[in-house]
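Please treat every number below as a calculation from the coordinates, not as lab data. A quick note: this is a predicted structure, and the numbers were derived from the prediction, not measured. Counting neighbours? That spans all protein chains shown, and the Cβs are built from the backbone with ideal geometry, glycine included.
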Amino acid sequence: MPEFINADMHALLAKPLWRAAIIIGCALVVWAVLRLGLVPVLRRLDDRIVGNIHKALARLIVLQTAHLLLLDLLKAGKPRTVLLSVYLTLLVLIVGKALLDIAMLVFQRLSRSTGKYTWIQPSTLPLYKFVLKFFLFGAQAYLIMSAWRVDLTSWLASAGVMGIAVGFASKDTLANFIAGVFILMDAPYRVGQFIHVEGQVRGVVTDIGMRSTRVLTRDNVEVTVPNGVIGNSMIINETGGPSDRMRLRVDVGVAYGSDVDHVKQVLTQAVEGTDHLDPTQPVQVRFVSMGASSLDFQVLVWVLNPQYRGRVLDALNTRFYKALVREGIDIPFPQRDLYIKQMPEAARPAAPPEG
């Protein structure tokens, strides 16, 4: 660069107002370049993601411009040190908020997709949001304290001791929380599905929380089950298949000597007209075993929804009993034949007196 131009530049930059004007001009140029060059590329993404990136870039440009202007006006020493700490603090907050908002939008978009991201579901979004906030806020706190040159050794030691104490005091709560995390990740059931918790609770899932799961029973009673209990129990999801239908098995016993084909016909006809059954599925009657006192049959039908299981079972048992009685088919009860080899002396009848 020629010496006269270099001298003019130094003379120009020596004036604070000209330096401020140059800094603001450079900021506007950067803003225009990003808006005209980067934003059209980002338009291919979700509009809300682009909006968050747009806001973050605008704030960063304003922050950097203000920092350069104030840095030029303040004297070296403590004022500039404080300015640097404030600048780094605002930088961490702006970038952290942008990352959190963009990450949540990405997770929401992935949760609505039906591709390979099946581990991200709308029910697991609160978990990811909690984990993201936890790590992000922790990182922000660490960076902000480092920007203000705070000694973190004592803080970390105190946090470790406090963490151990809290862990021992709330081990059950932590167990429920960890079980809730695995329930949300594995998704053995979802809200609205009909589950059976190992002989304890049976009903519709109304809410899946981090600590417990709420189930509405058929008695219209909401039961709150700790996730730790569910994690250690066998869960039967009665609507976990491709549809809400479930197959119901009804056992029927008839007396020996009954006509098997006739019994099958009677039971099949008795099912006709029963409410809450799937008409597209055929009724199946199986001769399953020859029991100790009866010929055992099993009737298999498809119920439209598990919540109708009790009603359908009652209706079918009533229909089967009436149909068997009407057709003269005996319904046996357990019978036992007792053989006595030798009658005990005490049980023998007394001899009649001689007369």
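Taking 0.36 nm per residue of separation and subtracting the Cα-Cα distance, what length does fully extending V150 through T206 add? Present the calculation step by step, with values, prior to reporting the outcome.
Working: separation 56, 0.36 × 56 = 20.16 nm, distance 4.69 nm.
Here the answer is 15.5 nm.
Loop-only GluC sites (Glu not before Pro) in the range 201-285, please: DSSP not H, G, I, E or B, and at most 14 other Cβ atoms within 10 Å. Please report the intermediate quantities before stating the final value.
Values: sites: E222, E238, E272; in loops: E238, E272.
In loop regions of the range 201-285 (DSSP not H, G, I, E or B), the sparsely surrounded GluC sites (Glu not before Pro) are E272.
May I ask which residue of F297, Q265, A255 lies farthest towards the positive end of the charge dipole of the range 246-327, with charges of +1 (Lys, Arg) and -1 (Asp, Glu) on Cβ and the Cα centre as origin?
F297
List the trypsin sites (Lys or Arg not before Pro) in the range 58-95 that DSSP assigns to loop (not H, G, I, E or B) and whose Cβ has at most 13 other Cβ atoms within 10 Å. Which are they? Don't jump to the answer; show the numbers that get you there.
Numbers: sites: R59, K75, R80; in loops: K75.
Hits after loop and neighbour filter: K75.
Give the calculated FRET efficiency between H262 and R218 to the nearest 0.05, with a Förster radius of 45 Å applied to their Cβ-Cβ distance.
Details: r = 36 Å, r/R0 = 0.80.
Result of the calculation: an efficiency of 0.80.
Pull out a ≥ b ≥ c, the square roots of the eigenvalues of the alpha-carbon gyration tensor of the range 289-344, then state rounded if a/c is under 1.5, prolate if not and a/b is larger than b/c, and oblate in the remaining case. Provide the component values of the computation, followed by the final result.
Working: a/c = 3.40, a/b = 2.49, b/c = 1.37.
Prolate is the answer for the range 289-344, as a/c is 1.5 or above and a/b outweighs b/c.
Are there trypsin sites (Lys or Arg not before Pro) in the range 169-264 that DSSP marks as loop and that have at most 11 other Cβ atoms within 10 Å, and which are they? Write out the running numbers ahead of the final one.
Numbers: sites: K171, R190, R202, R211, R214, R218, R245, R247, R249, K264; in loops: R190, R211, R218, R245.
Answer by residue number: there is no such site.
Please go through the residue pairs K129/K171; K97/K133; K55/K78 and name each one whose alpha carbons sit more than 21 Å apart in this structure. Intermediate results must be reported in sequence, preceding the final value.
On the way: K129/K171 23 Å; K97/K133 10 Å; K55/K78 31 Å.
The answer is K129/K171; K55/K78.
Rounded, prolate or oblate: which fits the range 115-214, taking a ≥ b ≥ c as square roots of the Cα gyration tensor eigenvalues, rounded meaning a/c under 1.5, else prolate when a/b beats b/c? Mind dumping the intermediate values first?
Details: a/c = 4.27, a/b = 1.90, b/c = 2.25.
Verdict is oblate for the range 115-214.
If a/c stays under 1.5 just call it rounded; otherwise compare a/b with b/c (prolate if a/b is bigger, oblate if not). Do that for the range 186-237, with a ≥ b ≥ c from the square roots of the Cα gyration tensor eigenvalues. Can you show the working numbers first?
Values: a/c = 1.35, a/b = 1.23, b/c = 1.10.
Verdict is rounded for the range 186-237.
About its Cα centre, what dipole magnitude does the range 246-327 give when the only charges are +1 on Lys and Arg Cβ and -1 on Asp and Glu Cβ, stated in debye to the nearest 20?
In total the dipole reaches around 180 debye.
Taking a label point 7 Å from the Cα of T280 along the Cα→Cβ vector, which residues of the range 226-258 have an amide N closer than 20 Å to it?
Only 238-248 pass the distance filter.
Based on Cβ point charges of +1 for Lys and Arg and -1 for Asp and Glu, what charge dipole magnitude is obtained for the range 137-284 about its Cα centre, in debye rounded to the nearest 20? Could you put the intermediate results ahead of the total?
Working: 11 positive and 15 negative charges, 128 e Å.
It comes to approximately 620 debye.
Please report I102, I178 as a ranked list, fewest other C-beta atoms within 10 angstrom at the top and most at the bottom.
On the way: I102 19, I178 14.
Ordered by Cβ neighbours within 10 Å, fewest first: I178, I102.
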